[in-house]
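The values are calculated or read from the model by the stated rules, or taken from the named source; none is laboratory data. Not measured: the values here are computed from a predicted model. Cβ placement follows ideal geometry from the backbone for every residue including glycine, while neighbour counts extend to all protein chains displayed. For accessibility, only protein heavy atoms count, side chains too; no ligands or nucleic acids. Shrake-Rupley method; radii C 1.70, N 1.55, O 1.52, S 1.80 Å.
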Amino acid sequence: MTLSASDLAIDLKTQALANARRHGSDGDALTDLEAASFPERKTERWKYTSLKALADGHLNAVANGEISQPLPALSEFVVTINNGQLQGSSLPAGVNLHHDAPVVNGLQTPFAAYNGAVCGQPVVLEVAANTRIEQPIHLQIQSASEAPAHCNPRVIVKLNAGAEATVIEHYHAEGQALTNAVTALITADNATLTHYRLQGEQANTLHIGTLIIDQQGVSKVDSYQLMTGNRLRRNDVRALVNKSGAELNMKGIFVVRDKSHVDNQLCVEHAVPNCQSDQNFRGLAGESGKAVFNGRIHIHPFASGTNAELSNKNLLLNPGAEINTKPELEIYNDDVKCAHGTTVGQLDAGQQFYLQSRGIPAAEAKRMLSLGFVNELLMALPDAAVTEWAQPWLEAELTHASPAGDAA
Amino acid sequence: MLEIRDLHATVADKPILKGLNLTIKPGEVHAIMGPNGSGKSTLANVLAGRDNYAITGGEALFEGKSLAELEPEERAQAGLFLAFQYPVEIPGVSNMEFLKAALESVRTAQGKEEWDSVTLLRQARAACKQVNLDASFLKRGVNEGFSGGEKKRNEIMQMLLMEPKLALLDETDSGLDIDALQTVAKGVNSLRSPERGIVLVTHYQRLLDYIVPDFVHVLSNGQIIKSGGKELALELEKKGYGWLTGEEESA
Ligand SMILES: Nc1ncnc2c1ncn2[C@@H]1O[C@H](COP(=O)(O)OP(=O)(O)O)[C@@H](O)[C@H]1O
Ligand SMILES: [Mg+2]
C-alpha cells in the first residue's frame, strides 16, 4: 500500500517532532519545527519534487555508516563532517572553528527547521576581520548508510569585516543516506567570499539542503554551485542582499541522467537600494533525468537602483528527460534593472553533424557537445584545484553509458 | 573511387538531385560549377550523410561501398572529407580537442599509427602554418568567432591533418581575398597525389587558376548537364550559365 502525500507529510512531521523531543530540543528551534508544515502534493514550491522516497523511513534512523570512498583533499586546509558530526579539521591562522552559532536568518523549509532542532553541534567557521586566507578551505561533508537513514550537518561560515576567503562546500554520500543540510554564509562589510557548492553524492542517496547567503555588509560573494542528480536532490538557496553596495554572483551547473532528480529553488531578496545580483545556471538532462530550476528575484519597495540578472539555459539530451525552468520576478520598485532569460533546447543537429563528418562517433559527439555546453562556466571557476576535480567528474557524468534500452 | 549513378535526392522531402551521374578516379581533380541553388551543396551533403538529405533513387559508391549504408562518421573513417560551405561554430569545444577526437577515430579506423599528444600538437601547428592560421586558433572554440576566411582556412587545416582519400570542397573559395585564396590553393595542391581524389565545388572559375582541374562539370537543376576539360570553366566565365541552362543568368 502506498501512502498518500498528505499522510506522508503528517508522518514526516510526527517523526521529526519525536526525534527533536528525544534529542532534547527546546526553545525557538522546537517552536519553529512545531510551526512548520511538510509539503503535500499541492504545495506550490514542491510541485516537482515528490517526497515519497522518504516513505522508506529515512527520518526513523540516524546515518552512521563508514565513508568507504572519502573525498580527496582539494586544499591543505580541510574540515571533515561525517554523518553530521565534526570529524576533524586543519585550519589556517585567522580561521576559528567553534560551535557558538549565530541565528541563521531567512530559513523557510520544514527540513531546515528540523535541522535546527536536531543538529547537535553546528560547525561555525569564523574568519577574522581584515584577514586574507590564501588557500581554500575544503569542507568535506560526507554521509553513509546502507539502509535509509539521515543526518543533519549545519555549517555557518562567517566573514568578519574586511575578511577574504574561499570555501569549498563539498558533499559526498553513499548507500541510502539522506543528507539534510543547512549552510549559511554571512558576510560583513568589505568581505569577499568565493564559495563552491559541489554536490556529487551517489545515485541512491538523497539530499535536502538549504543554503543561506546573508550579506549583512557591503560585500562580494561569488558562489559556484555544481551538482549531479541523485534519487532526490533539493536545494533551497536564499540570498539576502542586505546592505547597499553588496554584490552577489551565483553560477551553476546541474546534470541529471538516468532517473536522477535535481530541484533548485533560488531566491534573491533585494531589500535595500543599489545592490547587484547575477544568477547564471546551465542544466543538462538525459535519459529519464528530471531537473527543476526556479529562479526568483524579489525586489522590495525600497530597493531602488537594484541591478538583478538571471539566466538559465538548458539542454535536453533526449525526449524522456525533463527540465522545468522558470524565472519568477517580483518587483516592487520602478527604478531597477532586471534582465532574465531561460531556455530549454536540444543538441544542435548541425554541430553534431559537423563532428560526425570528421569521423567522431555519434555518442562521442554528443558527449563533446554536452561538455561544451557547460564548459564556459567550468572554465570560469577561479580555483584550479576545483576545476581539476570538477571537470573529470562532470565529464564522467556526461560520458556514462546509459542503461540498455534507453536512447543515448 | 567515387561512382555516382542516376542519383536522386531530397532535402527536407523536396527533390533536388534528379538523376546525377559522376565518376571520380584516384588522382583526379574535378570541378563542379553551376548556378546558385542548382544542388551543389546538396550533393556534397548527401555524400557526407547529413540528416534530412535523403537518397531516393540511384546510388553513390565510395570504393565500391554504398554510402547510403554508412553513418557520417563511418564515411569520414573510410576517407571521405567535406570542407563545408558554411562551417558551424561550436563554442565550448576547443579546436584542439576536436582535432584530437577526429584524428584518433579516423587514424584508428584506417590502421594508421596513433599520434601521441606531442605529435598531434606538432602536426596541428604545422597544418595551421600551412594555411596561415595562427596556432592560437587551436585553443579557441571550433570556428567560434572566426571570420569567414578563417573558417575556410580552418577547414583546409583539418583536411591537411585528416589526409582524406576523397576531398569535397564546397565553395571553399567564396569570401576569400586573393592572398587567402592562394594560401588555400597551395594547401589543396599539396594534397594532390595519384591516390587521392579532389572535388572542387565552386561558383567562380577564379579558384581554378590556382588549382587546375582535370575535369569540369556543370550542375543545373539537379543534373550534370555538361562536362569538359578546364577550358569549359573559362567558357563559363565568359558566357555565364544561360547558354547551357536556357535561362537568363549572370554568373
Ligand atoms: N535545408 C533545406 N531545406 C529546404 N530546401 C533546401 C535546404 N537546403 C537547400 N535547399 C534547397 O535546395 C536547392 C539546392 O540548394 P543547394 O544545394 O544549396 O544549391 P547550391 O549549393 O548549388 O547553391 C535550393 O533550391 C535550396 O533552396
Ligand atoms: Mg552551395
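One residue stands out in segment B:86-105 among those that are more than 8 Å from chain A (Cβ to nearest Cβ) and among the hydroxyl-bearing types (S, T, Y): the one that is most open to solvent (accessible area, probe 1.4 Å), namely B:Y86.
For B:L161, only one of the following conditions fails: (1) within 14 Å of another protein chain (Cβ to nearest Cβ); (2) within 16 Å of ligand 2 (Cβ to nearest atom). What is its number? (2) is the only condition that B:L161 fails. Looking at this structure, is B:N21 open to solvent by 60 Å² or more (accessible area, probe 1.4 Å), away from ligand 1 (no atom under 14 Å from the Cβ) and not charged (D, E, K, R)? It is true that B:N21 is open to solvent by 60 Å² or more (accessible area, probe 1.4 Å), away from ligand 1 (no atom under 14 Å from the Cβ) and not charged (D, E, K, R).
Quick check on B:V106: is it modelled with pLDDT of 95 or more and within 16 Å of ligand 1 (Cβ to nearest atom)? When the stated conditions are applied, B:V106 does not pass them.
B:A68 satisfies every condition listed in (1) more than 14 Å from chain A (Cβ to nearest Cβ); (2) under 22 Å from B:L219 (Cβ atoms); (3) out of contact with any strand residue (DSSP E or B) (no Cβ under 8 Å at 6 or more places or on another chain) except (3).
Of the candidates B:N36, B:N52, the single residue that is within 13 Å of ligand 1 (Cβ to nearest atom), open to solvent by 50 Å² or more (accessible area, probe 1.4 Å), touching a His at 6+ places or on another chain (Cβ under 8 Å) and more than 19 Å from A:E364 (Cβ to Cβ) is B:N36.
Just to be sure before I move on: is A:A18 exposed (fewer than 13 other Cβ atoms within 10 Å of the Cβ) and over 30 Å from A:A128 (Cβ atoms) in the structure I sent? Yes. Which ones in segment B:179-209 are within 16 Å of ligand 1 (Cβ to nearest atom) and open to solvent by 30 Å² or more (accessible area, probe 1.4 Å)? Hit for segment B:179-209 is B:Y204, nothing else. From the list B:A83, B:A78, the one residue that fits, being within 16 Å of ligand 1 (Cβ to nearest atom), crowded, with 16+ Cβ neighbours inside 10 Å and more than 8 Å from chain A (Cβ to nearest Cβ), is B:A83.
Residue pairs whose Cβ atoms lie under 9 Å apart, sitting 6 or more positions apart in sequence or on different chains, and linking a residue in segment B:33-44 that is within 15 Å of B:I225 (Cα to Cα) and away from every other protein chain (no Cβ under 14 Å) to a partner that is near ligand 2 (Cβ under 9 Å from one of its atoms) and in a helix (DSSP H, G or I), are B:M33/B:K40; B:G34/B:K40. When restricted to residues that are farther than 20 Å from A:L284 by Cα and open to solvent by less than 10 Å² (accessible area, probe 1.4 Å), segment A:220-239 contains 2. Of all residues assigned to segment B:106-129, none qualifies as being at the interface with chain A (Cβ under 10 Å from one of its Cβ atoms), within 16 Å of ligand 2 (Cβ to nearest atom), at negative phi and over 13 Å from the mean Cα position of the chain (by Cα).
If you go through segment A:134-164 and keep only what is open to solvent by 20 Å² or more (accessible area, probe 1.4 Å) and part of a strand (DSSP E or B), you end up with A:E146, A:A147, A:P148, A:R154, A:K158, A:E164. Return only the number of the condition from (1) closer than 23 Å to A:R238 by Cβ; (2) polar (S, T, N, Q); (3) assigned to a strand (DSSP E or B) that A:S50 does not satisfy. Tallying (1) closer than 23 Å to A:R238 by Cβ; (2) polar (S, T, N, Q); (3) assigned to a strand (DSSP E or B), A:S50 fails exactly one: (3). For the structure I just gave you, tell me whether A:E388 is under 25 Å from A:V268 (Cα atoms) and either of a type in the set (D, E) or more than 12 Å from chain B (Cβ to nearest Cβ) (or both). The answer is no for A:E388.
One residue alone among B:A31, B:A44 is within 9 Å of ligand 1 (Cβ to nearest atom), at negative phi, among the small types (G, A, S) and open to solvent by less than 10 Å² (accessible area, probe 1.4 Å), and that residue is B:A44.
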